[in-house]
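The structure under discussion appears below in the form of structure tokens.
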Amino acid sequence: MGAINAVTDLTAQGDVAVLTVNSPPVNALSQQVRDGIVKGMQQAIADSAVKAVVLICDGRTFIAGADITEFGKPPQSPSLHDVCDAIENSSKPVIAAIHGTALGGGLETALCCHYRVAVPSAKCGLPEVHLGLLPGAGGTQRLPRIVGPEQALQMVTSGAHVDAKTSLAAGLLDEIVPEGELRAGALAYAKKVIAEKRPLRKVRDMNEKVAAARGKPEIFADFRKANARKFRGFLAPEYNIRCIEAAVNLPFDQGIATERKLFMELMTGTQSAAQRYVFFAERQVWKVPDVPDDTATIAVKKVGIIGAGTMGGGIAMNFANIGIPVALVETKQDALDRGFGVIRKNYESTAKRGKLKPEDVEKRMALLSGSLQLESLADCDLVIEAVFENMDVKKEVFGKLDSIVKQGAILATNTSALDVNEIATATKRPDAVIGLHFFSPANVMRLLEIVRAQKTSKPVIATSMQLAKKIGKIAALVGVCPGFVGNRILYARQLQAQAMLMEGAMPWDVDKVLYDFGMPMGPFAMSDLAGLDIGWSKEKSKSSTVREVLCEMDRRGQKTGAGFYDYDAERNAKPSPVTEKIIKDFMAKAGAQARKITDQEILERCTYPMINEGAKILEEKIAIRPSDIDIVWINGYGWPVYRGGPMFYGDTVGLKNVVAKLKEYGPKLGAGFTLSPLLEQLAAEGKRFQDLK
Ligand code: 3H9
């Protein structure tokens, strides 16, 4: 006994062999780990002194799944199925000892063990669905045999991490051992199994729960119906459901064959490729090449927010949620009161849905203080300005903050488009100034664009990134340019969507194509939701655009019951004859001829200029890497994750094709449209954005 290879070893504890995996960071099932487990099992079985085996991991977690970095490469033996067989068919009982997270292939490995013990903090889950996959090592066939098809459906389609207590109750675990005593607890359990001569219990043979669901197709029909909206566009949830159906209706080995076939279909498809890319993109985005992990940070013990409107209030909630006191400043008492009222209502509705304890509503509210004086922000470590989008107003606020707020604090602006460098000039400490662009509603939306201005210091950047993580956001560090990354790309799409209205497409034609593509809504539905009057003023309005005319008619979007669309009392949208007439009048005035615009053209005209704009953003070094742009668009604008973001989508379509189409559309794209040299170069070289290093 001893080391099997660099990442596994086998040691004896009396008559129990302990097979330990030590493959940081998460003990993923790489070829070496698989090989070590198979060989370790062979050794343990061959050793007559061994009566049982404990499978345990060093480091922060039990096996967290297959090694995703190996996906898409030629398979190397032994396979995960070989690992599962080696364990399940062992002539000696195998006990999985779980801490951290037993996920995906990790849980599937544990399900091949004859018994499972865990510490109270451990979690079990099959999160493959988030990678556009399904558990491909028997998980879909074994899980329902333990927890029943209904719970299995929930687990495989949500990918949820189930805590130890719930896992014990569901039968996924056999015993919970004290925290910090996993090895001893698992050994004691193994000795019990030996002493009691417990059988080699195999999950594959447990048929009671699946048999009970046979002949009840409504279980699946109801589940599909209840989740249709959530699963829209995604392949993996449906494939997972089909596997659980197979577990119910077919013998085990046939179920495994179905699982394998469907797994391979997903694995070789574009959706999973996109979702796997996003998995790594979400981790990359935190890495800032010139701001290393050990950069000094600023302790943020109190946050100040200027503006208690929708944005300011939402931002405040993020900090109160993690126990940081927040001072809110408004110009008028009634605005402050209104702001506090909205925050309370939000918390109370969360509590009503059972997602927050009533006492926590009060605890969080107690962390908020309000004032009409900027002076109340003097002792804050971070101040976020969330006032009106107007450069003069912002500069005035920052000038005042400079003389009020203590030195060493971070001065942030929540601007969504304005020049943060210019805002910083209003202070004598531009190194302390940064953009923190939250997305509305700020307490819900996951994205935070952190805008690095020319002089922003590294500690200010490092602190902002760290804080973003603490409040549960995903942050992308971007540079200064009008609209930053997200809105700049949005403008590129908006321009085309508007232009197509003058060529014969109606707003609902454009919206439908983007909705079918997987966006939550199209550009015109989005304008109606946000309000057409953002940036519009009655005095300056000259009926010069469709939007101006709509606003002048008091069709200012959903809030007024009409905008591009007509809305009923339930806010269901209907194509509007009024809007159609306005558009046609404009076309007639301009002498424009309506033509039939195909769905394909709508999609290309909307998305390819976005890809082009993304390439320009990279040329200008506004984003660190293409995948950061994708993270922004997935988390801030609802780009379907199974299409990987606009840049990944460009790679999928082929940059050569994108460029060729953009050239073909030529003048239709507008006088201001220019091709990105970077995009052209990548296309000419047959490269992808992913090839950029
Ligand atoms: C599967 O199992 C398929 C099978 O059903 C069938 C096969 C036939 N592989 O997230 P973190 C890296 S599919 C490779 O920051 P945390 C990650 O990239 C798999 N690498 O830590 C990061 O690298 P870096 C099903 C992986 O503590 C580092 O580890 N399993 C893998 O916040 C730390 O990760 C899953 O989907 C992996 N499987 O969270 C679980 N996992 O430092 C995926 C992580 O260079 N993993 N890395 O950026 C997770 O959910 C989280 O990593 C975990 C830890 C909760 C485990």
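Assorted remarks:
- Residue within region 429-444 that is closer than 20 Å to Ile534 by Cβ, surrounded by 15 or more Cβ atoms within 10 Å (Cβ to Cβ), of a type in the set (D, E, K, R) and out of contact with any His (no Cβ under 8 Å at 6 or more places or on another chain) present: no
- Some residue of region 231-252 being at pLDDT 95 or above, surrounded by fewer than 14 Cβ atoms within 10 Å (Cβ to Cβ) and in a helix (DSSP H, G or I): no
- Residue check for Gly2: without any contact (Cβ under 8 Å) to a residue 24 or more places away in the chain and surrounded by fewer than 18 Cβ atoms within 10 Å (Cβ to Cβ): yes
- Considering residues of region 627-655 that are within 13 Å of the chain's Cα centre (by Cα) and not in a helix (DSSP H, G or I) only, the residue farthest from Thr270 (Cα to Cα): Gly638
- Meets criteria (more than 30 Å from Ala442 (Cα to Cα) and surrounded by 16 or more Cβ atoms within 10 Å (Cβ to Cβ)) for Leu662: yes
- Every pair of residues 6+ apart whose Cβ atoms lie under 8 Å, when the first sits in region 646-659 and is outside the structural domain of Ser627 (by TED's automatic domain parsing) and of a type in the set (Phe, Trp, Tyr) while the second is open to solvent by 10 Å² or more (accessible area, probe 1.4 Å) and part of a helix (DSSP H, G or I): none
- For region 179-193, a residue qualifies if it is touching a residue at least 40 places away in the same chain (Cβ under 8 Å), in a helix (DSSP H, G or I) and farther than 17 Å from Ala64 by Cβ, and the qualifying residues are Arg183, Gly185, Ala186, Leu187, Tyr189, Ala190, Lys191, Val193.
- Filter pass, Asp35 being touching a Pro at 6+ places or on another chain (Cβ under 7 Å), acidic (Asp, Glu), more than 9 Å from the ligand (Cβ to nearest atom) and in the same structural domain as Ala184 (by TED's automatic domain parsing): yes
- Each residue in region 320-336 was checked for being open to solvent by less than 30 Å² (accessible area, probe 1.4 Å), more than 28 Å from the chain's Cα centre (by Cα) and of a type in the set (Val, Ile, Thr), and 1 of them qualify.
- Strands (runs of 3 or more DSSP E) (entirely within region 80-178) containing at least 1 residues that are farther than 21 Å from Arg60 by Cβ: 94-98, 115-118
The rows are residues; the columns are (1) acidic (Asp, Glu); (2) near the ligand (Cβ under 9 Å from one of its atoms); (3) open to solvent by less than 10 Å² (accessible area, probe 1.4 Å).
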{"site": "Glu128", "(1), (2), (3)": "yes, yes, no"}
{"site": "Gly132", "(1), (2), (3)": "no, no, yes"}
{"site": "Gly139", "(1), (2), (3)": "no, yes, yes"}
{"site": "Thr157", "(1), (2), (3)": "no, no, no"}
{"site": "Ala160", "(1), (2), (3)": "no, no, no"}
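- Single unsatisfied condition, Ala386 versus (1) surrounded by fewer than 22 Cβ atoms within 10 Å (Cβ to Cβ); (2) under 17 Å from Ala316 (Cβ atoms): (1)
- Qualifying residue in region 409-427 (condition: assigned to a helix (DSSP H, G or I) and open to solvent by 20 Å² or more (accessible area, probe 1.4 Å)): yes
- If you check Met553, Met521 for being outside the structural domain of Tyr637 (by TED's automatic domain parsing) and in contact with an Asp or Glu (Cβ under 7 Å, 6 or more places away or on another chain), only one passes: Met521.
- Within region 292-314, being away from the ligand (no atom under 16 Å from the Cβ) and over 16 Å from Val405 (Cβ atoms) holds for Thr295, Ala296, Thr297, Ala308, Gly309, Thr310, Met311, Gly312, Gly313, Gly314.
- When residues of region 42-69 are limited to those that are within 16 Å of the ligand (Cβ to nearest atom) and open to solvent by 50 Å² or more (accessible area, probe 1.4 Å), the one modelled with the lowest pLDDT: Thr69
- Check on Leu111, within 9 Å of the ligand (Cβ to nearest atom) and touching a Leu at 6+ places or on another chain (Cβ under 9 Å): no
- Take the conditions (1) open to solvent by less than 60 Å² (accessible area, probe 1.4 Å); (2) within 16 Å of the ligand (Cβ to nearest atom); Asp15 misses just one of them, which is (2).
- Region 74-87 residues that are touching a residue at least 40 places away in the same chain (Cβ under 8 Å), paired with ones that are open to solvent by 70 Å² or more (accessible area, probe 1.4 Å) and within 10 Å of the ligand (Cβ to nearest atom) (beta carbon under 9 Å, 6 or more apart): His81/Arg260
- Test: residue in region 88-99 that is touching a strand residue (DSSP E or B) at 6+ places or on another chain (Cβ under 6 Å) and closer than 23 Å to Gln275 by Cα: no
- Any hit, region 565-581, residues being outside the structural domain of Pro441 (by TED's automatic domain parsing), within 21 Å of Ser440 (Cα to Cα) and either free of Cβ contacts under 8 Å to residues at least 40 places away in the same chain or assigned to a helix (DSSP H, G or I) (or both): yes
- One residue from Gly399, Gly339, Gly354 being without any contact (Cβ under 8 Å) to a residue 40 or more places away in the chain and buried (at least 19 other Cβ atoms within 10 Å of the Cβ): Gly339
- Per-region count, region 97-108, residues small (Gly, Ala, Ser) and either near the ligand (Cβ under 8 Å from one of its atoms) or under 21 Å from Ala46 (Cβ atoms) (or both): 4
- Selection of region 277-299 for residues being crowded, with 17+ Cβ neighbours inside 10 Å and in contact with a helix residue (DSSP H, G or I) (Cβ under 6 Å, 6 or more places away or on another chain) yields Tyr277, Val278, Ala281, Val285, Val291, Thr295, Ile298.
- When Trp536 is tested against (1) touching a helix residue (DSSP H, G or I) at 6+ places or on another chain (Cβ under 8 Å); (2) crowded, with 18+ Cβ neighbours inside 10 Å, exactly one condition is not met: (2).
- If the condition is being of a type in the set (A, V, I, L, M, F, W, C) and in contact with a Gly (Cβ under 9 Å, 6 or more places away or on another chain), then region 316-365 contributes Ala316, Ile322, Val326, Ala327, Leu328, Val329, Ala335, Leu336, Phe340, Val342, Ile343.
The values are calculated or read from the model by the stated rules, or taken from the named source; none is laboratory data. Note that the coordinates shown come from a computational prediction; the quantities given were computed from them, not determined experimentally. Reconstructed Cβ throughout: ideal geometry from the backbone, glycine too, with neighbour counts over all protein chains shown. Just so you know, the surface numbers come from the protein's heavy atoms only, side chains and all, with ligands and any DNA or RNA stripped out. Shrake-Rupley method; radii C 1.70, N 1.55, O 1.52, S 1.80 Å.
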